[in-house]
Structures are given as C-alpha cells and as structure tokens.
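One structure follows; several queries about it will come next.
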C-alpha cells in the first residue's frame with residue numbers, strides 16, 4: 001500500500017509543477033498585457049506616434065506623418081485611434097502630394113477585425129478630410145492600392161456611427177479622361193442611424209467638358225454598414241441634365257449594377273460629343289434607359305423617349321476597349337420630316353422656323369442653294385466605330401410619302417457606309433447604298449439609289465396633283481461618284497448617270513395638254529367636259545449624264561398617244577442652276593398649238609417655269625403680222641400644228657439607253673433629244 005502511495009506522489013508532483021508553471025506564465029502574460037494596457041491607457045499611447053509613422057510608412061510604401069496629437073490605446077477593449085494633422089502621401093507618379101489628409105481623425109476600431117481582414121469601425125469622427133483618388137495614365141495602378149498591388153477596387157470598412165464635416169474628395173481617371181471635385185455635406189450619426197440622406201455636390205470635367213453634379217445616398221445606414229444603397233444622382237453637362245438612380249451593393253460598387261438613367265437636353269449630339277461620338281444634330285430630346293456597366297462596356301437597354309417630334313426606342317452599347325465602338329438597334333414608329341433634316345446636314349430648328357433654304361445658308365451655302373455645305377466631321381469619324389440598325393415606320397410629311405425605312409449603318413475607321421438603306425415611297429420601294437470614305441482626302445463618295453416601279457399619281461399627290469386618272473408608273477436609278485467633305489462638294493464634283501423610266505400608262509389630259517401648250521385641244525376638251533380624261537403614255541425616259549457636277553439631258557424623251565415630248569439642257573450640282581427646255585410635237589393636226597419650248601430655269605431652291613419663250617413670242621409676232629396684212633383669220637395659221645411628230649421606239653427608252661441609242665418607230669436615229677453634252681450652267 002505505501003509503495004503505491006509513494007508512486008502516486010512522485011507522478012502528481014511533476015504534473016502539479018507544470019500546472020503551476022502554466023498558471024504563473026498566464027498570470028505573467030495577463031500582467032504584461034494589463035501593464036501594456038495600463039501604460040497605453042495612462043499615456044494614451046502618444047509615445048507610439050513615431051513607431052506608428054515608421055511602420056505605416058513601411059507597410060504602405062509611402063510616407064505617413066502625424067503633425068499634431070496622436071493617440072493609440074485600448075479603451076477599454078476597443079482600439080482608440082486619434083490623429084491630428086495626419087497625412088498619407090500619394091505615390092510619386094500621382095499629380096497631388098497626399099492621398100489622405102485631415103485636420104482630425106478619431107475612431108474606435110474592433111481589434112479582431114484587423115486580424116481577420118474585415119475592418120470594422122464602431123465610430124468615426126472625421127474633420128476637414130481630403131481624399132485624392134487617382135489612376136495612372138495606363139490605368140494599371142491607383143493611389144489607394146498600397147505596395148505593388150496594382151489597381152484594386154476601392155473598398156470601405158464597416159462603419160456603425162460616423163460624424164463627418166468639411167470633407168472633400170477628388171477623383172481623376174486620365175484614361176477617360178475624368179476629373180471630379182466633390183464636397184461631402186456634413187454627416188452626423190447617433191445610435192447607428194444617420195437620420196438623413198448623405199449628400200455630396202461638386203463639379204469637374206469629362207473629356208474637357210465641364211459638368212456639375214449632386215448626389216444623395218437615401219439609405220446611408222446601409223451604406224456605412226456595406227449594405228444596399230439607394231442612390232440618386234443628377235448631373236448637368238453639355239446643355240443636358242442626366243439623372244441616375246439605383247441600388248448599389250456597396251458605396252463603391254457599380255459594376256454589373258442596373259441603374260435607371262434619364263437624360264434630357266437641347267441637342268443629343270452635344271451630349272455624345274463629350275465621348276467623341278458624332279451623330280447628326282437633334283432637336284430637344286428626352287431619353288430613358290437601364291444602364292449596366294460591364295468592364296469597359298456600358299449597355300443601355302429598354303431605351304425609350306423622343307427627339308423633336310419623333311419617338312425612339314431600342315438598345316445601345318458603348319464599348320471602350322482598345323477603340324471606342326457603338327452598337328445599336330433602334331426603332332422609330334413616326335419620324336417627323338423636320339427631325340430628319342440633320343441627316344443631310346440641316347439644322348432642324350432652322351428648317352422648322354425658316355425653311356430649307358435658310359438651313360442650307362446656315363451651313364455656309366450661298367444664296368438660292370439647298371444642298372448643305374456642312375462638313376463631315378472627318379477626324380471624329382476616324383476616332384470611333386459604329387454599327388447601327390434602325391427601323392422607321394412612317395415619315396410625317398405633307399409632300400414625301402415615305403414609310404418602312406430600314407437603315408444599316410457601319411462606320412469602320414473613317415469609312416461610313418449606309419448600306420443598305422431601303423424605304424417605301426408611294427407603294428414603290430427605294431434601295432440605296434451610300435458610301436463616305438473619309439480615309440481618302442477629300443472624302444470619296446458613292447451614291448447608288450434605285451427606285452422600283454412607283455405609281456406616279458400617288459408620288460405626285462403630295463405636291464397638289466390629284467391621283468385620279470393617272471395609272472402610269474416610274475422607275476429609276478441614280479449612280480454618282482464624287483469627292484468632297486460636304487454633300488454639296490461631293491455632288492459638285494460627281495460623275496455618273498441619272499435615269500428615270502416611265503413604262504406604258506395613263507396621265508391626266510389636263511397635265512399633258514398644259515405641258516404641250518396645245519391650247520386648241522385643251523379648250524375643246526374643257527367645253528366637252530373631258531378635261532380629266534386620261535391620255536396614254538407609251539413610254540418615257542428622263543435621263544442625264546453627269547460630268548464634273550453638271551448634268552446634261554441624255555435623253556429626255558416621252559412618247560404619248562397624242563404627242564412626243566423632248567427635252568434639252570441640264571442642271572448644275574455646283575451652282576444648283578436649272579436650264580432645261582421641253583418641247584411637245586403633236587402627232588395629229590391641232591389648232592392653237594404653240595409648239596414652242598417650255599423652259600425651266602432658276603435654281604433648285606426657286607425654280608421658274610417659262611411658258612412665254614422667245615420661240616412662242618416669234619410665232620405670236622408672225623400671227624399678228626399675218627392678221628394685219630391679210631385678215632384676222634389668217635393669223636390663226638401661225639398656231640397650227642400639222643401633226644408631224646416622229647413616234648419613239650420604246651425599246652431603247654425602257655432600257656434607259658443614252659441619246660445615241662434612241663430611234664424612231666421606223667428605226668431612224670433621233671436628232672431631237674439631248675445628247676449628254678451641255679455647256680457649263682451657272
């Protein structure tokens with residue numbers, strides 16, 4: 001028995017010594033911690049100021065300085081930090097000296113959160129804080145990522161209660177480039193409730209365009225706790241107002257977050273010009289959309305709104321990777337013709353107020369001109385690419401019956417192609433390919449416009465001519481190539497061919513007789529009540545050969561059941577002058593037939609009809625002479641048409657052939673039509 005007791009005593013004695021050693025060590029450790037805590041509490045840790053500066057500077061790889069009072073201690077279990085005149089420097093490449101500076105910072109921090117990497121601040125008191133957030137030129141590093149960490153996203157700690165006053169934030173991104181200077185309105189929170197929206201305001205520049213901004217966080221308690229945040233932002237820039245709202249998962253997180261955007265202003269082109277995107281001018285606009293940022297892509301979906309009196313919907317993506325690119329699919333149900341004016345260079349407001357001639361003059365065009373002299377923005381078109389598909393239902397216009405427009409636009413490094421551009425006009429279809437290659441200097445242009453058979457009655461109805469009795473159709477093609485940075489210059493230098501073919505059909509007798517000035521037939525039919533009786537058109541061709549911007553008739557030839565209409569002359573795309581003469585020879589005997597050319601002169605803007613031509617005056621003079629010498633009845637002989645017009649062969653006409661290929665029905669060459677050559681028209 002005694003032996004066992006002795007052995008137990010020997011075994012328990014070392015165990016007891018170990019327990020005593022652990023107990024003593026724990027007491028010593030607790031004593032040391034208490035001693036450190038007591039020293040820090042009594043001294044407020046002010047003696048740690050210089051070690052703090054050294055360690056913080058080493059860890060952040062930049063100077064950290066505290067100019068005034070410094071405190072770092074446990075109070076009692078939370079870390080109390082206070083620094084007056086603190087300054088955290090920026091890296092050497094930054095434009096400003098300090099990343100963060102404040103007159104006074106006081107915070108109570110959860111100790112374990114520093115060890116676990118989940119920073120938790122119970123209270124924060126910030127006075128006169130200045131924060132400078134900046135990216136480098138290559139967008140690979142920023143001022144708030146310490147060491148060699150590159151450019152990490154900006155993260156904020158969890159803050160339960162905060163008091164912030166007189167604080168400012170500057171943000172600079174030279175890649176965009178964007179600079180914003182923001183003032184944070186005072187924040188006072190108690191019991192973890194701020195009690196009102198956190199607001200900030202300021203100004204800045206985006207791509208050299210100045211802007212103002214106001215923003216509010218409508219759920220600031222969630223913000224300081226890194227929860228969902230209701231954001232409202234309004235910005236003023238480029239004669240526009242932009243409103244942004246949405247729920248942010250954290251105060252600095254906008255990636256993949258759907259935001260509601262509303263923009264309204266004077267001219268949408270002013271707003272897009274901020275990011276170097278060029279579109280035609282618009283009248284006042286209002287647009288709404290959902291915006292999602294995905295890396296370097298900004299996607300605008302559910303787009304809806306209006307520009308001028310026209311509606312607009314669809315989607316748009318702006319990508320800014322190596323090269324800025326726009327991709328859009330748009331729909332317009334009703335397009336006002338005035339809102340379409342900018343597509344050819346007119347200012348829509350001037351068109352609406354003063355007309356097309358005034359709008360052309362505003363582009364630099366001379367008097368009596370309608371072709372705009374607005375220059376293509378060559379440099380801007382070479383800075384970005386675009387792909388657009390735009391469908392338009394109806395064009396609101398009194399004179400132009402256009403609908404079902406489908407536009408495919410591609411812009412590739414300065415080459416702008418509207419191909420194909422199709423639309424319906426008076427139950428006829430127009431398809432076109434328009435190319436503007438600004439990579440060549442001056443811009444190389446190509447116009448190819450094709451008109452399928454279209455009812456003439458409906459086509460001309462918009463200009464005040466009734467459709468009844470007109471069944472004729474017209475088809476045609478315009479193919480021109482030129483050089484110039486304006487529509488006027490490209491057409492003024494163009495060469496090619498214009499041809500419109502009229503197959504067999506009917507026209508009003510009224511219109512036909514006025515064209516041929518067959519007064520006898522016109523008066524007879526008027527008394528017989530047959531003025532609106534249609535006459536037959538066998539075939540017709542209005543064609544021009546264009547050289548150096550001057551179009552010459554090649555040929556103008558219309559064969560009807562009653563007469564043959566021919567034309568000579570042409571027009572100039574440069575001066576926009578018209579110099580055309582039409583002559584109608586009857587196929588049958590007619591009394592009181594003038595048979596002299598009808599002239600069309602003036603300019604595109606103000607054409608003039610000359611029905612009292614020198615030839616007609618000469619015939620009138622001859623008639624007066626006969627009446628004086630012989631008898632009044634003899635004077636009528638000057639207006640007699642013996643009806644010797646040569647009928648035209650319709651084959652070459654329907655083929656759109658030139659004047660040299662035209663023949664009479666007997667196969668003989670015609671020498672009474674334009675031959676494609678004309679003197680310069682001024």
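The values are calculated or read from the model by the stated rules, or taken from the named source; none is laboratory data. Every value quoted in this text rests on a predicted model; they were computed, and no experiment measured them. Quick reminder, even Gly has a Cβ in these numbers, built from the backbone with ideal geometry, and neighbours come from all protein chains shown.
Please list, ordered by first then second residue, the pairs with beta carbon atoms under 7 Å, 6 or more apart or interchain, first in the range 150-172 and in contact (Cβ under 8 Å) with a residue 12 or more places away in the chain and at positive phi, second assigned to a strand (DSSP E or B) and surrounded by fewer than 16 Cβ atoms within 10 Å (Cβ to Cβ).
Close Cβ pairs (under 7 Å, with a partner that is assigned to a strand (DSSP E or B) and surrounded by fewer than 16 Cβ atoms within 10 Å (Cβ to Cβ)) amount to 166/127.
When both residues are 6+ apart or on different chains and their Cβ atoms are under 8 Å apart, which pairs have a first residue that lies in the range 412-431 and is on the phi > 0 side of the Ramachandran plot and surrounded by fewer than 17 Cβ atoms within 10 Å (Cβ to Cβ), and a second that is part of a strand (DSSP E or B) and at pLDDT 90 or above?
413/385
Looking at the range 252-273, which of its residues are in a loop (DSSP other than H, G, I, E, B) and either at pLDDT below 85 or farther than 16 Å from residue 289 by Cβ (or both)?
252, 253, 254, 256, 257, 266, 267
The rows are residues; the columns are (1) surrounded by fewer than 21 Cβ atoms within 10 Å (Cβ to Cβ); (2) out of contact with any helix residue (DSSP H, G or I) (no Cβ under 9 Å at 6 or more places or on another chain); (3) in a loop (DSSP other than H, G, I, E, B); (4) modelled with pLDDT of 70 or more.
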position: 566; (1), (2), (3), (4): no, yes, no, yes
position: 571; (1), (2), (3), (4): no, yes, no, yes
position: 575; (1), (2), (3), (4): yes, no, yes, yes
position: 578; (1), (2), (3), (4): yes, yes, no, yes
position: 584; (1), (2), (3), (4): no, no, no, yes
position: 601; (1), (2), (3), (4): yes, yes, no, yes
position: 622; (1), (2), (3), (4): yes, no, no, no
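Can you name the residue in the range 342-351 that is surrounded by 18 or more Cβ atoms within 10 Å (Cβ to Cβ) and part of a helix (DSSP H, G or I) and, of all such residues, is modelled with the lowest pLDDT?
351
Filter the range 82-99 down to residues that are buried (at least 19 other Cβ atoms within 10 Å of the Cβ) and free of Cβ contacts under 8 Å to residues at least 40 places away in the same chain and give me whichever is farthest from residue 46 (Cα to Cα).
Filtering the range 82-99 for residues that are buried (at least 19 other Cβ atoms within 10 Å of the Cβ) and free of Cβ contacts under 8 Å to residues at least 40 places away in the same chain, the one farthest from residue 46 (Cα to Cα) comes out as 98.
Please find, among 141, 137, the residue that is within 34 Å of the chain's Cα centre (by Cα), modelled with pLDDT under 90 and surrounded by 15 or more Cβ atoms within 10 Å (Cβ to Cβ).
141
Sticking with this one: Give the number of residues within the range 640-653 that are at pLDDT 75 or above and either farther than 11 Å from residue 540 by Cα or surrounded by fewer than 17 Cβ atoms within 10 Å (Cβ to Cβ) (or both).
1
Quick check on this structure: which one of 474, 535, 435 is outside any helix (DSSP H, G or I), closer than 30 Å to residue 378 by Cα, touching a strand residue (DSSP E or B) at 6+ places or on another chain (Cβ under 8 Å) and modelled with pLDDT of 55 or more?
On the way: 474 fails: closer than 30 Å to residue 378 by Cα; 535 fails: closer than 30 Å to residue 378 by Cα.
435 is the lone residue from the list that is outside any helix (DSSP H, G or I), closer than 30 Å to residue 378 by Cα, touching a strand residue (DSSP E or B) at 6+ places or on another chain (Cβ under 8 Å) and modelled with pLDDT of 55 or more.
Next question. How about the range 274-301: which of its residues are touching a helix residue (DSSP H, G or I) at 6+ places or on another chain (Cβ under 8 Å), more than 15 Å from residue 324 (Cα to Cα) and assigned to a loop (DSSP other than H, G, I, E, B)?
Result: 280, 281, 282, 283.
Take the residues of the range 54-73 that are crowded, with 16+ Cβ neighbours inside 10 Å and over 53 Å from the mean Cα position of the chain (by Cα): which is modelled with the lowest pLDDT?
73
Right, another one. With respect to the numbered conditions (1) modelled with pLDDT of 75 or more; (2) under 17 Å from residue 561 (Cβ atoms), which one is the sole condition not fulfilled by residue 516?
In the conditions (1) modelled with pLDDT of 75 or more; (2) under 17 Å from residue 561 (Cβ atoms), residue 516 misses (1) alone.
Inspect the range 175-195 for any residue being in a loop (DSSP other than H, G, I, E, B), at pLDDT below 90 and touching a helix residue (DSSP H, G or I) at 6+ places or on another chain (Cβ under 6 Å) and give the result as yes or no.
yes
Okay, next question. Quick check on my filter: what residues within the range 305-322 are within 26 Å of residue 382 (Cβ to Cβ), in contact with a strand residue (DSSP E or B) (Cβ under 6 Å, 6 or more places away or on another chain) and surrounded by fewer than 17 Cβ atoms within 10 Å (Cβ to Cβ)?
Passing the criteria: only 315.
List the strands (runs of 3 or more DSSP E) inside the range 56-143, counting only whole elements, that have at least 3 residues being within 21 Å of residue 177 (Cβ to Cβ).
130-134
Yes or no: residue 400 modelled with pLDDT under 95 and assigned to a strand (DSSP E or B)? Before you say what the answer is, go through the steps one by one.
Details: modelled with pLDDT under 95: yes; assigned to a strand (DSSP E or B): no.
So residue 400 does not fit the description; no.
If you don't mind, there's one more thing I want to ask. Just to be sure, is residue 369 surrounded by fewer than 16 Cβ atoms within 10 Å (Cβ to Cβ) and outside any strand (DSSP E or B)?
Answer is no for this residue.
Per-residue answers, yes or no, for (1) modelled with pLDDT of 90 or more; (2) part of a loop (DSSP other than H, G, I, E, B):
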position: 380; (1), (2): no, no
position: 390; (1), (2): yes, no
position: 395; (1), (2): no, no
position: 429; (1), (2): no, no
position: 440; (1), (2): yes, yes
position: 452; (1), (2): no, no
position: 457; (1), (2): no, no
position: 466; (1), (2): no, yes
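OK, next. Return yes or no: is residue 249 at pLDDT below 90 and out of contact with any strand residue (DSSP E or B) (no Cβ under 7 Å at 6 or more places or on another chain)?
Against the criterion (at pLDDT below 90 and out of contact with any strand residue (DSSP E or B) (no Cβ under 7 Å at 6 or more places or on another chain)), residue 249 qualifies.
Residue 507 - would you say it is in a strand (DSSP E or B), farther than 30 Å from residue 372 by Cα and modelled with pLDDT of 50 or more?
yes
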